[in-house]
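Taking it in order: structure first as structure tokens, then the write-up.
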Amino acid sequence: MAAQQAATSLRGVQTKCLRSMARDPLMQCLLPRFQQRNMATESSVLSTSTSSLTPFISISTPLSHRPPPPVPQILATLYTFPSMEPQSFVEYPAAHLNVPLRRDILHRAVVYEGDKARQGSANAKWRSDVHGSGRKLLPQKGTGRARVGDKKSPIRRGGGVAHGPKPRDFSTGLPKKIYDLAWRTALSYRYRRGELVVIGEMEDIDNAEPRWIEQIFDKVNFGKRDGRSLIVTGTKLPNLYAALAGTYGVGLAKTGDAIDVKDLLEMGRIVIEKQVLDSIFKKHSSDIIGTVPSAVGI
Amino acid sequence: MKVSHRSTQLWLKTSRSSPKTFICHRCRCLTQKSHFTTTRQARASPEEPQKPDLTTRLRRRIWGTETPPGQKDPYRRLTPEEKAAELLEQESIAEGKQNASQDTATEIARRQSAGEYLPAQNWDGLERIGGATGWWEEEWDRNNVYRGFLTEGVLGEKVANIEDVVRRVAVEILALKQAGGALHEGAQAEWSEGDFMENIDIVKNEDGSFTLREQTPDLIDELVELLQRPPEEEMEIEELSQDIEDPEALGAEEQRLLDEIHAEEEAGEEQTLEENEIPTVATTKTHDPIYLELPLTDIAFKFALIKRLTYLLGTRIPDPKINSSKTLGDVVAYLSEKPKPTKLAEILREIPELKALPNVEIYDTKRNFVQKEMEIGRWKVIEAELKKKGLPIRKSDRLHG
């Protein structure tokens, strides 16, 4: 009975977590303790609530009765585009933007995406596909030569290809949780290097001239001299997209549903709209939502 | 042997003693005096005055002078010495011509003042119209200059001491906090130095909080007023001054307004002049460095500080640095960091042990064969020798022949 009550109360906390992710410190998800001891060097605990220190908890208190552990928060600045005026700060949990760097996971994710993107349409004709008759060229016996079938044999010139490529699916599998971790690892890597710029609401530029966007990028240090930038918007903005398409080596504009982990790692910086960033975190958090707190250790 | 002009006979008139000798038509023509007037020999005869050849005449007509510049024989290859001599000659002609052009300039001025039409000898000074190149740079770029929040920092690259700027911004925000206004309101306010920089101190109280202390009375209120002045007032003043075109038609009140506008414009101009002339942002007075311990736990305070600094300096402060800065000292430390040099040569030049070595020189790029030979002084010899032999000197010579 007590165990059932504990289980139901745990589930209740988890559903509340799903609704409001790390906004209200009192209603935060119960993260496993080990995730707080991450290898990030600069994670600060900026508490928005009044109590910044956790009270002493005796070991005899059951897990379900303990207050949720404080989730470290990370500050990001919301800017306007393209004037780059700071509008406000916004907080994200450390599990989103301060995940430790795991190059192997990023590698697996990039390889997985590359495999998935393959067309796989290479095709070579086998002996049955080659155009020609099946007439036996020489009698089976009596010629003194090796036996010969039809002219489409792979041994013969003009014949089919033995074991040639055939259209196939090259996609590989990757556990969803690892892929989601890769997304957040890439974004955290960018954040820690100061290469993640979050825009409050993306506005279209005045005209679609490529030299206009080049001038803007030069002045706000987004352009060729500063390593190029990837602009990620929720919807396609006509002037911005047309202007960037007319440039070379300055930047790229893509919608949120058209990017992947490789794109996040390619350019010099990512300029992303806040709603797109939130949707990425919502979609790629399977490894941190719904985890049961560990009963072993504190 | 006497040859007859008129005879077309093949037989040569010889002396009586010798028999007649056969001479073919070709030999006869060659030995005959030429009747063609277009040959050089005919032209070179002393009877007629010597006319200059076609090339010279053409060149004179093209250049419009009796002494056109360039080689006498343009198809002849000059030796380096002859080339140098010709260059010198051309320079002296140019100098001579400059003097000549001054005379012509006075002549032109005289004729223009007299109202006489003078056709131009060349296109110098004439207005250029049309053409496909340069329109984007000259017209479009000039009329479309982007200005945003971050385009040009107000202080730009003139900052001598970043610590003073950060201290002054902290003073501004503390002043706004004391006055009870929104802290980030003064982000795009005017920057003026003097009293505000020197005579307001940040002091730490016994309970650990930080407050301002002013040396002259009402200085903090003045600062708050400056920060809270909306930029729209300046825009309205500009519009008003544009509307007032005929000052004579104004009434007394309008005249007073106009006087105010002029006074403010002059004051504004003086300020900008000062900013341009005296570029350093530094206080003469040294302040107690206790302000470096000012904590940035208040999010609103931190945001206002970052926004104002971004506006003044024109550079974005990265999010992880904002996140990890706990005190004002952390912000000063980050902003005071020199940017890492991008080239290895820059790093090597700063190592004193390398500088001390007498046989080591540091270059930005790898030295190639030609550059090494140039340093020794052997390259000109190699080049002259290759030219003499007619061999290609550079790779590009070989490719393009």
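The values are calculated or read from the model by the stated rules, or taken from the named source; none is laboratory data. Quick caveat: nothing in here was measured; it's all calculated off a predicted structure. Positions of Cβ are backbone-derived with ideal geometry, glycine not excepted, and every protein chain shown enters the neighbour counts. With ligands, DNA and RNA removed, areas are computed over all heavy atoms of the protein, side chains included. Shrake-Rupley method; radii C 1.70, N 1.55, O 1.52, S 1.80 Å.
Worth a mention:
- B:F22 accessible area, 1.4 Å probe, all protein chains in place, Å² to nearest 10: 120
- Protein-only accessible surface at a 1.4 angstrom probe places the residues B:L78, A:L265, B:L309 in the order A:L265, B:L78, B:L309, largest first.
- Counting heavy atoms of the protein chains alone, A:R102 has an accessible area of about 100 Å² for a 1.4 Å probe.
- Residues of the stretch B:320-356 buried by at least 40 Å² on assembly (accessible area, 1.4 Å probe, chain alone as reference): B:P320, B:N323
- Amide H contacts of A:Q87: A:L78, A:Y79, A:T80, each under 5 Å away and 5 or more positions distant or on a separate chain (H built 1.01 Å from N in the peptide plane; Pro and chain starts excluded).
- With θ taken as phi - 60° and the Karplus curve 6.51 cos²θ - 1.76 cosθ + 1.60 applied, the whole-hertz 3J(HN,Hα) list for the stretch B:381-396 is 5, 4, 5, 4, 5, 5, 5, 4, 7, x, 9, x, 9, 10, 4, 5 Hz, x standing for glycine and proline.
- In sequence order, calculated HN-Hα J values of the stretch B:58-63 (Karplus, 6.51, -1.76, 1.60; Hz; x Gly/Pro): 5, 5, 5, 5, 5, 7
- At an R0 of 45 angstrom, the distance between the Cβ atoms of B:I351 and B:M374 translates into a FRET efficiency of 0.95.
- Accessible area per residue (1.4 Å probe, heavy atoms of protein chains only) ranks A:I216, B:I129 as B:I129, A:I216, with the largest value leading.
- Listed cross-link partners B:K302/B:K340; A:K176/A:K282; B:K158/B:K338; B:K83/B:K395 are compared with a 18 Å cut-off, the Cα-Cα value being larger for B:K302/B:K340; B:K83/B:K395.
- Residues of the stretch B:114-154 whose accessible area (probe 1.4 Å, heavy atoms of protein chains only) drops by at least 40 Å² once all protein chains are present, relative to their chain alone: B:W136, B:W140, B:Y146, B:F149, B:L150.
- Ranking by accessible area, most exposed first, for B:E139, A:E266, A:E113 with a 1.4 Å probe: A:E266, B:E139, A:E113
- With DNA, RNA and ligands ignored, accessible area of A:D206 (1.4 Å probe; Å², nearest 10): 130
- Efficiency of FRET from Cβ geometry, B:E81 and B:D298, R₀ 56 Å, rounded to 0.05: 0.10
- Estimated translational diffusion coefficient (Stokes-Einstein, Kirkwood radius over Cα pairs, 10 °C, 1.306 mPa s) of the stretch A:178-217: 124 µm² per second.
- Cross-link reach list, lysines versus A:K141, counting only Cα pairs under 23 Å and skipping chain neighbours closer than eight places: A:K151, A:K152
- Taking θ as phi - 60° and the Karplus parameters 6.51, -1.76 and 1.60, the scalar couplings of the stretch B:163-171 work out to 4, 5, 5, 5, 5, 5, 5, 4, 4 Hz in sequence order, x denoting glycine and proline.
- Accessible-area composition of the stretch A:91-216, carbon plus sulfur, in percent [1.4 Å probe]: 49
- Computed from protein heavy atoms with a 1.4 Å probe, the total accessible area buried between A and B is close to 2700 Å².
- Here's how it looks for A:A253: its modeled amide H is under 5 Å from those of A:I231, which are all 5 or more places away or on a different chain.
- Computed E for A:S64/A:K262 - FRET, C-beta separation, R0 41 angstrom, nearest 0.05: 0.45
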